[in-house]
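**Q** The structure is given below, and queries will be raised subsequently.
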Amino acid sequence: MDACYSTQLIDGDGVFNVPGLENFMKEVKLGECGLSYAVVSIMGPQSSGKSTLLNHLFGTNFREMDAFKGRSQTTKGIWLAKAHNIEPCTLVMDLEGTDGRERGEDDTAFEKQSALFALAVSDIVLINMWCHDIGREQAANKPLLKTVFQVMMRLFSPRKTTLLFVIRDKSKTPLENLEPILREDIQKIWDGVPKPHAHKETPLSEFFNVEVVALSSYEEKEELFKEQVASLRDRFQHSIAPGGLAGDRRGVVPASGFSFSSQQFWKVIKENKDLDLPAHKVMVATVRCEEIGNEKIASFTADEEWQQFEEAVQNDYVPGFGKKISSLLDRCLSEYDMEAIYFDEGVRTSKRHQLESKLLQLVNPAYQNLLDHLRTRTLETFKESFDKSLEKEGFAVAARDCTKAFLEKFDKGSEDAAIQQVKWDPSKIKDKLKRDIEAHVASVRAKKLSELCAKYEGQLTKSLAEPVEALLDSASEETWPAIRKLLQRETKSAVLGFEAAMASFELDEATQKELLSKLECHGRSVVESKAKEEAGRVLIRMKDRFSTLFSRDADSMPRVWTGKEDIKAITKTARSASMKLLSTMAAIRLDEDGDNIENTLSLALVDTARPGTTDRSIQSFDPLASSSWERVPEERTLITPVQCKSLWRQFKAETEYTVTQAIAAQEANKRNNNWLPPPWALAAMAILGFNEFMTLLKNPLYLGVIFVVFLVGKAIWVQLDIAKEFQNGFLPAVLSLSTKFVPTIMNILKRLADEGQRPAAPERQREMELQPKYTRNGSHSNVTSAGSSSITSSESGPEYSSPIAH
């Protein structure tokens, strides 16, 4: 008896006991029954033995009336219990009796509400009635039947319910005689009940299965009553099976939705609205399927295996992700199908799709993370493999093969990550991987090409820089043709090498042309850069060339200014050469376009004399008064005409001193070679001194004195080395001789005195003594002047050399 879990479903005031029903369903495990359950309710007048019948029929423990205390209301509201040992699970509802004095004659609202509720939720409705009321117009069952049929009209498309009329306290009249009378009364009541237009001609059998059973009096024939009840109980076994009491029922709510369905039924009934059973069924299915779906989502998110996968894909790629997640989703959806199988198919399917969608929304971030990790891993592996392939294969072949292999590898990984329940397209991630691979290949290609360009540009720079510098250093008319030839040869060699090296990259024709053009431009830029660099040192080069040509002869020997050289011609030649160097450096001539820079400079700087013009400073036109050369673009100009004029002025100013020194040295040489008196002076001396010469010849004593004076003078001449002293100039010679004259005279006199006192010695010994003395006494220091000329001795006399340092 304790297994019936008797619970008050609705109290006497019409309040629905939601917690009680929820607890009841858990206790009897109603949610596991699906559609395999039945609901039986009983209606009847108050104190007609309804609870007693249910307790004996289903083994319930509803409260029964105590006959010794008088007839009064026992059941208030609606009570619910589970039938004992009846299959399938059968719920039994005991309704409050009708026509009770406690509610009064006019308070029939609750009777109608409870009757409508019983018809809405029950498969079988027991109508408890007295045997003596059959055939009576004002019997107690008449208002009850009217109530049942009236409320039935409030159900849109009502479910088919079995009405089991239980005739209590059966008399001696056989049931076969009572049943036709009862059915006739029922039909009359049905016909008399107002019906909607749609059901005007609808027969009673469309809504109800009418069954009649009779029971003896419980008080008078208790044992017979119990036997008859036991027989009736057997009819409730498998009542929902075909041929059972409720075998043709329809519109059944699954057991898990019974609580919600009952609450909504009562809510609508209390609001005095008509019940739309099909809509109610859909509503119940909607709510219940949604609840099941939410439960499955909560169960899925709490699943440890899913949580492990979700955490794992945050950090790295997880092999077998697709199969494992598909298994988890399939299990979750299967559980939903099992629990929601008895609800409306349309609602069930719709909610299943929603559940599947929500589950996939939960899984999608993990799936995306997994593909991102797969893309990252594939890209990193591609980079390593690509670098190794470049060591064995050409660039284009390695890039093509590696790209194909690793895109296929990504496809396999994405297939492994695919989930059976949905066809997610990994093409976006694959496209991103493809773009990343292409970007990496492009980056490596650019780097390799850059290194290749740098290599050949370096080779070209090395092969051009020093030769171009040397050619510009020795600037001449053939300088730029030689540079052009050198540039063409070295550029062609570099281009051929670069073109062969680029073959492995399989570049398009436009790119190859661009790179080759860039290399060719680099060669030109090297030459132009070196030309600009040398143009910045043009003044130094001009002075060096002038110095070389002016200070050295044709054999590159230092030029000695003996007085026979044409300094003017030499100066003009040296300046012309410097001017040609300036004209060579004035512009870049890598194209064979002619120009007249040399003629312009020659006309303006070297050949400045004009026929018929006596003043060179007066010029009618200055060809260098311009900032550009004729037929020379500005970008190829290194030195403008105005700059050339300024450089030439500075060049002349800085080389003028060299020319002046050469002229001074030449004049000094001429003076030193003519230190004797002129011939006319010698002739005059001979004529005017003839008498004195004859006197000397006539008096030999004078000759002896003159001879002694000659010897002393010769000795002084040799000791003082007067000729050498005068090579340094007259004034320096006078100053030098004035300081050495007296010491020399004293030295000579001392030696003569020593010779007179010393005994005679062999001739050889005297020579050995005199030689070092002469050497020691004959040595002297030279005082050089501040002049720029130097004196050298030769067999023909002193010569003068250029002061230019070499």
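**Q** In the neighborhood of Ala664, defined by Cβ-to-Cβ distances under 12 Å, what is the net charge if each Lys or Arg adds +1 and each Asp or Glu adds -1?
**A** +1
**Q** Once each part is reduced to its C-alpha centroid, what is the distance from region 193-207 to region 707-755 in angstrom?
**A** First find each Cα centre; the distance between them is then 175 Å.
**Q** Dipole size in debye (nearest 20) for region 170-229 around its Cα centre, Lys and Arg Cβ +1, Asp and Glu Cβ -1?
**A** Numbers: 8 positive and 13 negative charges, 48 e Å.
Result for region 170-229 is approximately 220 debye, rounded to the nearest 20.
**Q** Under unit Cβ charges (Lys, Arg +1; Asp, Glu -1), what dipole magnitude, rounded to 20 debye, does region 6-273 have relative to its Cα centre?
**A** In total the dipole reaches around 520 debye.
**Q** Another one. Given an 8 Å cut-off on Cα distances and at least 6 residues of separation, report the relative contact order of region 6-273 as a percent. Spell out each step's value before the answer.
**A** Values: 442 pairs, mean separation 61.7, N = 268.
Across region 6-273, relative contact order equals 23 percent.
**Q** Ignoring ligands, DNA and RNA, what percent of the 1.4 Å accessible area of region 276-424 is carbon and sulfur?
**A** Details: 3740 of 7800 Å².
Heavy-atom surface of region 276-424 belonging to carbon and sulfur, 1.4 Å probe: 48 percent.
**Q** Show the residues, 5+ positions off or on another chain, whose built amide H is closer than 5 Å to the amide H of Ser217.
**A** Here Asp169, Lys170 satisfy the definition.
**Q** Distance from the Cα centre of region 77-97 to that of region 502-552, in angstrom?
**A** 110
**Q** Pop a pseudo-label 7 angstrom from the Cα along the beta-carbon direction at both Leu362 and Lys200 and give the gap in nm to one decimal.
**A** 5.6
**Q** How about Lys568: which aspartates and glutamates have a C-alpha closer than 18 Å to its C-alpha, ignoring those fewer than 8 places off in the same chain?
**A** Within the straight-line cut-off, Lys568 pairs with Asp553, Asp607, Glu654, Glu656, Glu667.
**Q** Structure shown: which of Lys170/Lys226; Lys281/Lys358; Lys404/Lys513; Lys462/Lys532; Lys409/Lys430 lie over 19 Å apart, alpha-carbon to alpha-carbon? Working shown, then result.
**A** Details: Lys170/Lys226 14 Å; Lys281/Lys358 24 Å; Lys404/Lys513 29 Å; Lys462/Lys532 17 Å; Lys409/Lys430 11 Å.
Table pairs above 19 Å Cα-Cα are Lys281/Lys358; Lys404/Lys513.
**Q** Ranked from the most accessible area to the least, with a 1.4 Å probe and all protein chains present, what is the order of Asp234, Asp169?
**A** On the way: Asp234 105, Asp169 60 Å².
Most to least solvent-accessible, the answer reads Asp234, Asp169.
**Q** Further question on the same structure: Using a 1.4 Å probe and ignoring any ligands, DNA or RNA, find the accessible area of Ser334 and quote it in Å² to the nearest 10.
**A** For Ser334, solvent-accessible area is about 50 Å².
**Q** What list of ³J(HN,Hα) couplings, whole Hz, do you get for region 472-480 from phi and the Karplus terms 6.51, -1.76, 1.60, once you set θ to phi - 60° and write x for glycine and proline?
**A** In residue order, the calculated couplings are 5, 5, 9, 4, 7, 5, 8, 5, 5 Hz.
**Q** Can you list the residues, at least 5 places off or on another chain, whose amide H is less than 5 Å from the amide H of Met43, using H built in the peptide plane?
**A** Under 5 Å from the amide H of Met43 lie the amide H atoms of Leu126, Ile127, Asn128, each far enough along the sequence or on another chain.
**Q** Full extension from Asp555 to Lys724: what is 0.36 nm times the residue separation minus their Cα-Cα distance, to one decimal in nm?
**A** On the way: separation 169, 0.36 × 169 = 60.84 nm, distance 3.00 nm.
Contour length minus the Cα-Cα distance gives 57.8 nm.
**Q** For every other residue with a beta carbon closer than 12 angstrom to the beta carbon of Cys332, add +1 if it is Lys or Arg and -1 if Asp or Glu, then tell me the sum. Don't skip to the end; give the middle numbers.
**A** Numbers: positive: Lys296, Arg331, Arg352, Lys358; negative: Glu295, Asp303, Glu305, Asp330, Glu335, Asp337, Glu339, Glu356.
Combined, the nearby Lys, Arg, Asp and Glu give -4.
**Q** Here's a follow-up. How big is the antiparallel share of DSSP beta bridges in region 6-273, given as a percent to the nearest 5?
**A** Working: 9 of 34 bridges.
Antiparallel bridges: around 25 percent, rounded to the nearest 5.
**Q** Measuring from label point to label point, each 7 Å out along Cα→Cβ, what is the Lys172 to Asp316 span in nm?
**A** Placing both labels 7 Å along Cα→Cβ, they lie 9.7 nm apart.
**Q** Please compute the modelled spin-label separation between Arg377 and Ala501, points set 7 Å along Cα→Cβ, answer in nm with one decimal.
**A** 3.9
**Q** In whole percent, how big is the carbon plus sulfur part of the accessible area of region 454-533, probe 1.4 Å, protein atoms only? Spell out each step's value before the answer.
**A** Numbers: 2250 of 4430 Å².
The C+S portion of the solvent-accessible surface of region 454-533 is 51 percent.
**Q** Ordered by residue, what ³J(HN,Hα) values in Hz, to whole numbers, does region 228-237 give under the Karplus form 6.51 cos²θ - 1.76 cosθ + 1.60, where θ = phi - 60° and Gly and Pro are x?
**A** Coupling constants for region 228-237: 5, 5, 4, 5, 5, 4, 5, 5, 8, 6 Hz.
**Q** If the chain between Asp591 and Leu224 were fully stretched, how many nm would it gain, using 0.36 nm times the residue separation less the Cα-Cα distance? Please list the in-between numbers first.
**A** Numbers: separation 367, 0.36 × 367 = 132.12 nm, distance 13.64 nm.
Value of the extension gain: 118.5 nm.
**Q** Per residue, how much accessible area does region 454-533 show when a 1.4 Å probe rolls over the protein heavy atoms, in square angstrom?
**A** 55
**Q** Considering only the other residues whose Cβ falls under 13 Å of the Cβ of Val40, what net charge follows from Lys and Arg at +1 and Asp and Glu at -1? Each step should come with its number before you reach the end.
**A** Working: positive: Lys50, Lys82, Arg233, Arg235, Arg249; negative: Asp94, Asp123, Glu211.
Here the count lands on +2.
**Q** Given the protein chains as shown and a 1.4 Å probe, how many square angstrom of Leu35 are accessible, to the nearest 10?
**A** 50
**Q** What number does region 6-273 give for Rg over Rh if you use C-alpha atoms and the Kirkwood radius? If you can, show how the numbers build up before the last one.
**A** Details: Rg = 17.5 Å, Rh = 18.8 Å.
With Rg and the Kirkwood Rh in hand, the quotient comes to 0.93.
**Q** Sticking with this one: So what is the relative contact order of region 276-424, in percent, for Cα pairs below 8 Å that sit 6 or more residues apart? Numbers along the way, then the final one.
**A** Numbers: 111 pairs, mean separation 52.8, N = 149.
35 percent.
**Q** When the Karplus curve 6.51 cos²θ - 1.76 cosθ + 1.60 is applied with θ = phi - 60°, which whole-Hz ³J(HN,Hα) does each residue of region 56-64 get, with x for Gly and Pro?
**A** These are the phi-based 3J(HN,Hα) values: 6, 6, 10, x, 8, 10, 5, 5, 9 Hz.
**Q** For region 6-273, which whole percent of the accessible surface, found with a 1.4 angstrom probe, sits on carbon and sulfur atoms? Display every interim value, and only then the final one.
**A** Working: 5700 of 12020 Å².
Answer for region 6-273: carbon and sulfur cover 47 percent of the accessible area.
**Q** Mean separation of Cα pairs under 8 Å and 6+ residues apart, divided by the residue count of region 454-533: what relative contact order is that in percent? The partial results should precede the final answer.
**A** Working: 48 pairs, mean separation 39.9, N = 80.
Relative CO of region 454-533 lands at 50 percent.
**Q** Moving on. How far is the Cα center of region 1-42 from the Cα center of region 565-595, in Å?
**A** Cα centroid to Cα centroid, the span is 123 Å.
**Q** Would you grab the residues whose amide H sits under 5 Å from the one on Asn209? Only those 5+ places off in sequence or on another chain, please, with H modelled 1.01 Å from N.
**A** Thr161, Thr162, Leu163
**Q** Tell me the accessible surface of Arg348 in square angstrom (1.4 angstrom probe, heavy atoms of protein chains only), to the nearest ten.
**A** Accessible area, nearest 10 Å²: 50 Å².
The values are calculated or read from the model by the stated rules, or taken from the named source; none is laboratory data. The structure displayed is predicted, hence computed values, not measured ones. Note that each Cβ is placed from the backbone with ideal geometry, even for glycine, and that neighbours are counted across all protein chains shown. Heavy atoms of the whole protein, side chains included, go into the accessibility calculation; ligands, DNA and RNA do not. Shrake-Rupley method; radii C 1.70, N 1.55, O 1.52, S 1.80 Å.
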